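A quick write-up on the structure given underneath.
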Amino acid sequence: MKSNELKAEMARQGVTSEEMAKNLNISRSSFSRKMNGSADFKLKEVVKISSILNLNKTHQQIIFLDSEAS
């Protein structure tokens, strides 16, 4: 996952980590671990993030599926 791309998109849309964690029904620390690569996002979380940020398929792939590390 390219966390830098996700962080940039969140910033562009004015969504904070706290807001994202709340929308995902996880703690802020869990969200932080997922953002820094210590834990993986669940599929339902990826779907929810994509919905919140209105990500198209291409952007979803860039952020979540490309194998290049961030």
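The values are calculated or read from the model by the stated rules, or taken from the named source; none is laboratory data. As the structure is a computational prediction, the values presented were derived from the model and not from experiment. When we count neighbours, we look across all protein chains shown, and the Cβ atoms used for this are built from the backbone with ideal geometry, even at glycine. Just the protein is used for accessible areas: all its heavy atoms, side chains included, with ligands, DNA and RNA removed. Shrake-Rupley method; radii C 1.70, N 1.55, O 1.52, S 1.80 Å.
General remarks:
- Accessible surface of the chain, 1.4 Å probe: 46 percent of it comes from carbon and sulfur atoms.
- Cleavage-rule hits, GluC sites (Glu not before Pro), the chain, DSSP coil, Cβ neighbours within 10 Å at most 15: Glu68
- If you run the Gaussian network model on the chain, springs between alpha carbon atoms under 10 Å, then out of Leu55, Leu24, Leu43 the most flexible one is Leu43.
- In the frame of its principal axes, the chain has Cα extents of 27, 24, 21 Å, reported largest first.
- Accessible surface for the chain, divided over its residues, is 65 Å² per residue with a 1.4 Å probe.
- FRET efficiency for the pair Arg33 and Leu65, taken as 1/(1 + (r/R0)^6) with r the Cβ-Cβ distance and R0 = 22 Å, rounds to 0.65.
- Mean residue ellipticity, 222 nm, helices only, the chain: the sum of -39500 (n - 2.57) across DSSP H runs of n ≥ 4, divided by residue count and rounded to 500, is -16000 deg cm²/dmol.
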